[in-house]
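Beneath this line is the structure, given in structure tokens, with notes to follow.
No value in this document is a laboratory result; all are computed from the given coordinates. Everything numeric in this text was worked out from a predicted model, so none of it was measured. Don't worry about glycine lacking a Cβ; one is built from the backbone with ideal geometry, like all the others, and counts go over all protein chains shown.
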Amino acid sequence: MMSDPVLQLFGVALLAFTRLALIFVQAPIFGSDHITNTVLVGFAASLTVVLYPNLPVPSDMPTDLLPFFGAILTQACVGLVIGYTSFIVIAAAQFGGELLDIQMGLSSAASFDPASHGAINLIRKVKFYTAMELYLIVGGHHQLLAAIYKSYQVIPLTFFRIDENLAMNLLRLSSDLIVIGTQIAAPALAALFVTQCALGLLARVAPQMNIFMLSFPLNIAIGLILLRLSYPLIMRLLGQQFELSLDSLVQCIEMMMPPGR
């Protein structure tokens, strides 16, 4: 099936497109719900055309249909790993916002987001857009494209492997998501915890007061004030994590290289 040189060239382009499409499904900016699937597929196809002259043709290019489908699955796995690694910091920012929404009582005030076709919590949305803007400011999208180009140079279009080091690295990144999200929300969470303790003591001292109704506006006010005061810290933390994320992305790409290369 793939013995024809023209079909082999088309197969190389299809494998490269598969890797790009799966990266963009999760990657920051490109994988956002604000970008439609049509635009995403068109951008992946356009970038495939741009990269095509520099794509190394694998020596073990499949010549039959079934092995070729297997090669497509390998490139889908490579794309998923790269896309997941690049999205960790954005996901951590959203997780931190979700923690604040729950603690401040704003989870019940979720608003409909036309881009994601669902209800999104307010602080989570703010953290998401903040992380996205900072990602663009530090040039994360340019670094991602450079990492994608490197992946084509070091990972053949018919190859994928996941060993113990790569699995542990992905697990570490997943745990970092929780740690970074908690650090982002920590100042406001600490203040809200102290507020809840104080309100609990006040409820015992003056049981005639309606502490439950008082806690709603108080939690929102204190949470928003601490969120505003901690924003410089959050921006600095996200900037550092975006730099570390690029290093982690390069490490994951190198871990998927063929042995001895």
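With the simple model of a label 7 Å out from the Cα in the direction of the Cβ, LEU9 to CYS197 spans 7.1 nm. With each label modelled as a point 7 angstrom along the Cα→C-beta vector, the ILE220-VAL39 pair spans 3.2 nm. The gain in end-to-end length when the LEU233 to THR182 segment is fully stretched comes to 17.1 nm, 0.36 nm per residue minus the alpha carbon separation. Counting neighbouring beta carbons within 10 Å and listing from fewest to most, the residues MET61, MET104, MET257, MET209 come out as MET209, MET257, MET61, MET104. Classification of the stretch 110-255 by its C-alpha gyration tensor yields a prolate form. The axis ratio a/c (a ≥ b ≥ c) is 1.5 or more, and a/b outweighs b/c. Each of GLU98, GLU133, GLU164 was scored by other Cβ atoms within 10 Å of its Cβ. Arranged with the fewest first, they read GLU164, GLU133, GLU98.
If you plug the beta carbon distance of LEU136 and GLN240 into 1/(1 + (r/R0)^6) with R0 = 25 Å, you get a FRET efficiency near 0.90. Neighbour counts of other Cβ atoms within 10 Å put ARG236, ARG124 in the fewest-to-most order ARG236, ARG124. For the chain, the gyration tensor built on C-alpha atoms gives a prolate shape. Its axis ratio a/c (a ≥ b ≥ c) is at least 1.5, and a/b is the larger of a/b and b/c. With contributions of -39500 (n - 2.57) from each DSSP H run of at least four residues, the per-residue ellipticity at 222 nm computed over the chain stands at -26000 deg cm²/dmol. Relative to the current alpha-carbon distance between VAL57 and ALA167, full extension at 0.36 nm per residue lengthens the span by 36.8 nm.
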